[in-house]
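One structure is given below, encoded as structure tokens.
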Amino acid sequence: GPDAPPMLCGVQIRVLVCAMLVVQNTGAVLLMRYTRSMPGEGQYITQTAVIMQEVMKGLACVVLLLKDEGTLASAWAKPAEALKTSVPALLYLVQNNLQYVAVGYLDAATYTVSYQSKIIWSGILSVVLLNRKLGPHKWLGIVLLAAGVATVQVAGSQGAAASPAAEEDAAGKAVGLVAIILAAMVSGLAGVYFQKILQGAKVGLWTRNLQLAFYSVLVGYGKLATSPQGAALRAGRTSFFYGYTKMTWCCVAMNAFGGLLVGTVIKYADAVMKDVALGTSIVCSSLASVYLFDFELNPLFAAGIAGVIYSVFLYGQRAHCCGALTPPQDETAAPAKAPG
């Protein structure tokens with residue numbers, strides 16, 4: 001019929017997109033963790049990895065724009081609109097660098113769960129910046145999410161208490177935790193700001209992404225140039241791709257793919273699918289950590305993960321605390337008012 005969802009090879013595109021989101025969410029954090037913590041890895045300058053993922057993303061957007069519009073003119077047709085994109089570009093850059101710091105100190109499971117605190121920031125910032133009103137579902141979701149993230153931290157530190165290098169480990173975990181919570185906050189801010197500039201602007205998704213990538217490369221290169229590593233590069237003591245392995249390239253590509261996927265998810269999948277994908281990837285990265293990085297999963301940690309996943313559904317108004325909360329009245333209008 002006319003309302004049939006778009007299909008690819010007999011599978012709904014939105015299902016495919018969400019499956020890719022699970023693979024990307026899980027894969028990106030595991031690869032980042034692997035390239036920062038395994039012997040023989042971790043030699044590369046993280047800032048170059050951040051720049052390269054934006055270059056890849058930009059090139060992909062160029063191809064997609066040429067395919068859709070046959071020209072790149074739309075990317076700089078409205079200079080004022082294009083300039084607005086520089087703010088989230090700067091924020092995303094800070095976020096990417098903080099994520100690389102965090103993943104050096106936190107195991108993949110703790111990292112993924114803690115990063116979900118961006119929902120808390122998005123909620124609070126959308127009230128402050130977009131004058132949104134949050135209903136009981138969202139506030140309860142935010143509180144439960146905070147509790148779940150905290151539980152995971154406690155569970156993680158319990159596991160660490162047994163090891164001999166525990167104090168050093170705990171200090172590193174604290175650094176990682178601060179970095180990931182800050183990254184989540186910056187991500188929330190960038191997301192809310194992005195929503196603010198997208199409202200009322202007639203600019204295509206790939207155009208926006210190309211502008212984002214362009215500014216990100218500019219800002220990223222500026223940051224690299226002014227850093228100690230930049231000085232070493234200019235002096236010829238190191239090279240841009242120094243320490244890159246196959247895994248580093250996989251990591252860069254996976255992060256670039258994630259940036260493009262976000263746009264595709266917004267286009268094809270609804271928020272429900274996005275939440276399911278998110279919950280699945282939290283479970284996947286936790287289980288993968290057990291196999292790959294000798295991570296110990298204890299009952300408290302599992303409870304924290306369950307809390308976080310449930311809170312995501314609560315926030316999206318798709319769980320109602322066993323009927324304690326009334327579902328949103330107008331089912332069709334409710335999700336439309338609060339995208340993402």
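The values are calculated or read from the model by the stated rules, or taken from the named source; none is laboratory data. This structure is a prediction, so every number in the text was calculated from the model and none was measured. In this analysis, Cβ positions are derived from the backbone assuming ideal geometry, glycine residues included, and neighbour counts consider all displayed protein chains. Calculation scope for accessible area: heavy atoms of the full protein, side chains included, ligands and nucleic acids excluded. Shrake-Rupley method; radii C 1.70, N 1.55, O 1.52, S 1.80 Å.
Brief remarks on what is shown
- Any hit, segment 29-45, residues being within 21 Å of V265 (Cα to Cα), among the basic types (K, R) and either touching a residue at least 24 places away in the same chain (Cβ under 8 Å) or in contact with a helix residue (DSSP H, G or I) (Cβ under 6 Å, 6 or more places away or on another chain) (or both): no
- Residue among L31, L59 that alone is over 22 Å from L287 (Cα atoms) and either assigned to a helix (DSSP H, G or I) or not charged (D, E, K, R) (or both): L59
- Qualifying residue in segment 286-308 (condition: modelled with pLDDT of 80 or more, closer than 26 Å to L129 by Cα and out of contact with any strand residue (DSSP E or B) (no Cβ under 9 Å at 6 or more places or on another chain)): yes
- Yes/no for S239 being small (G, A, S) and open to solvent by less than 50 Å² (accessible area, probe 1.4 Å): no
- Top-ranked residue of segment 93-132 - restricted to ones that are among the charged types (D, E, K, R) and over 19 Å from I197 (Cα atoms), ranked as least open to solvent (accessible area, probe 1.4 Å): D107
- Within segment 122-155, the set of residues being farther than 26 Å from A288 by Cβ and of a type in the set (A, V, I, L, M, F, W, C) comprises I124, L125, V127, V128, L129, L130, L134, W139, L140, I142, V143.
- When we screen Y193, Y221 for residues that are over 18 Å from the mean Cα position of the chain (by Cα), at pLDDT 80 or above and not β-branched (V, I, T), the only hit is Y221.
- Subset of segment 283-329 (residues that are closer than 14 Å to Q153 by Cα and under 19 Å from the mean Cα position of the chain (by Cα)): S286, I305, V308
- Qualifying residue in segment 33-49 (condition: among the aliphatic types (A, V, I, L, M), within 17 Å of the chain's Cα centre (by Cα) and surrounded by 15 or more Cβ atoms within 10 Å (Cβ to Cβ)): yes
- Residue in segment 312-327 that is farther than 25 Å from I142 by Cα and among the hydroxyl-bearing types (S, T, Y) present: no
- Sole residue being without any contact (Cβ under 8 Å) to a residue 40 or more places away in the chain and of a type in the set (G, A, S), chosen from G204, G236: G236
- Subset of segment 43-56 that is of a type in the set (S, T, N, Q) and assigned to a helix (DSSP H, G or I) - its residue that is farthest from G104 (Cα to Cα): Q53
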